[in-house]
Every structure is written in structure tokens, then in C-alpha cells.
Amino acid sequence: MRIESLFTPGEITESTVKGTTVAVIDVLRAGTTAAYAMSGGCERIIPVATVEAATNLAASLDKTVTLLGGEREGKRIDGFDLGNSPLEYTSDVVKKKTIILATTNGTRTISMGQGAKEILIASFVNMRTVVDYVAGLDEELLTVVCAGQDDRFALEDAVCAGMLIARLSRDNDVDLNDGAQAARLLYRQNEEAIPSLLKNCEHGRYLESLGFGKDLDVCGRVDSLRVLPIVKDGRINKAKRPRRK
């Protein structure tokens, strides 16, 4: 398998994702939140790129089973039911619900990868499940896309990408592009310090300043959830099981 890593969504082109398997990483916080929502039993998540798209879609759906979630500048959007904190997406809130999710970086990145065969949502919390799934694929190429922060490099996403690549490299013959090699090196330099990395990276410090310090603890709980959010036909559902070669 060849693994290519892109550090920002601005590197996405039609040729880099079309017909391939893509793993999107947004550690702080959309990827982690999606995993928590799926673990809490939500029916599906509909990722959208803009607030307008979210509110327009919500108007066409059954309000009794639909929740609006998302953020701008890290804060819950006015009029939305939920923000982008994984701690909000508990079973008693999201079970059997459809969640329309609009975030600054994560859902926008997902929308840019819609030409892919399938899009996996990866984060530290569900890394083991992502690795198991990818290892069972009969694919020649995996593209790992970091959502970044406002189209800029985000250290936490790059390190998470490196964890995925390092684990896949253990038992599989892989060919890495320069981005994937760099991500793996970053992970190896930080693998014993994920919690402190999240507290000290730029976006982590910003979230801390907004009062979301507990989110950083949650987002750093490696392998804490056995769930894989997977995007097909513009909807995020829970993958049932890894596909085997």
C-alpha cells in the first residue's frame, strides 16, 4: 500500500482523492466529536461546510429527531443545539438522532474529499479501529488528509496522521510520500506525550482560553473508543466491521 499524507486541505485536488480511500483527521475537535456521537448511538451525521447549508438542511428535516451541531472560532453557533465539544455528544442527547454538523475545519475538509471512494474519520480516540479497518482493505493507496487550522498546518493533526502511518507500517509493506514520512517522524518524537502536545499546540491553547480544557483531555485518550465514522454519499455512519483482504 502507498500512503500519502497531506498536511492541509488546500493540498487536495480531484486526482488526489478521486476513487481512493481517504482518512480525514481533525483531532481538535470534529473527528473526535464524530467518534463520540457515533459511540453515543446517533443515527447519522450530515457534515456540511457552511452555517447556511446547515440551517437550510435542518429546515427540511424532522425537527424531533434532528440536531444542529457545530462551531465558528471554537464557539457554539447561535441557534444551534450543540457545539463541537465531544463531551456534549452523550448518549442521552444524540441516541437515534440525525446530527447536522458544521465546523470550521473538519466538515469543510470532508466536503472537499467527496470524490473519494470512502472517507474514514480518524482521531486519537478511535485509532485502533481505524488501523484495523485500513489493514483489512485491498487498496493500493490511502490518502491521509489533515484538516489543519484555517488552511494552515496543525501539529496535533500531523502527529495523529503519523500515528496512523506508524501503526500501519508495523505489519504492512508500505510506500510513503514525503508528507507521510514527515508525519511519522513527528509522531515518533511525540508518541509518549500526546496529552501535553494537545495542551501546548496552538489550537489547544486557544481552546483552553475558551474554557474547553476538558476537551483536550478527552481528545488525547488514545484508543478509548471502538468506533469508526465513515462517510459515504455525504453521510457519516458507523462502519460495521473492517473489510478483509
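In the chain, the DSSP-assigned H stretches of four residues or longer account for a calculated mean residue ellipticity at 222 nm of -11000 deg cm²/dmol, using -39500 (n - 2.57) per stretch and the full residue count as denominator.
A straight line joining the Cα centroids of region 8-22 and region 126-144 runs 16 Å.
Each Lys or Arg adds one and each Asp or Glu takes one away; over the other residues whose Cβ falls under 14 Å from the Cβ of Ser91, this sums to +1.
Each of Tyr187, Tyr206 was scored by other Cβ atoms within 10 Å of its Cβ. Listed from fewest to most, they are Tyr206, Tyr187.
Taking the square roots of 5 times each eigenvalue of the Cα gyration tensor of region 106-180, largest first, gives ellipsoid semi-axes of 20, 15, 12 Å. Across region 29-133, the mean sequence separation of Cα contacts (distance under 8 Å, 6 or more residues apart), normalised by length, yields a relative contact order of 40 percent. Here the residues Asp150, Asp157, Asp173, ranked from fewest to most Cβ neighbours within 10 Å of their Cβ, fall in the order Asp173, Asp150, Asp157.
Listed peptides 108-114, 160-166 appear in the order 160-166, 108-114 once ranked by packing, highest mean of other Cβ atoms within 10 Å at the front. Here region 2-225 is treated as a Stokes sphere of Kirkwood radius computed over C-alpha pairs; at 37 °C and 0.692 mPa s its diffusion coefficient rounds to 189 µm²/s. Gain on full extension, evaluated as 0.36 nm per residue between Lys96 and Ser169 minus their Cα-Cα distance, stands at 22.6 nm. Semi-axes of the equivalent ellipsoid for region 1-129, computed as √(5λ) from the eigenvalues of its C-alpha gyration tensor and ordered from largest down, come to 25, 16, 13 Å.
Compared with the direct C-alpha span, the chain from Thr13 to Glu208 gains 66.8 nm at full extension, assuming 0.36 nm per residue.
All of the numbers you see were taken from the coordinates with simple rules; none came from a lab. In this text, all values refer to a predicted model and were calculated from it rather than measured experimentally. All Cβ positions, even for glycine, are placed from backbone atoms using ideal geometry, and neighbour counts span all protein chains on display.
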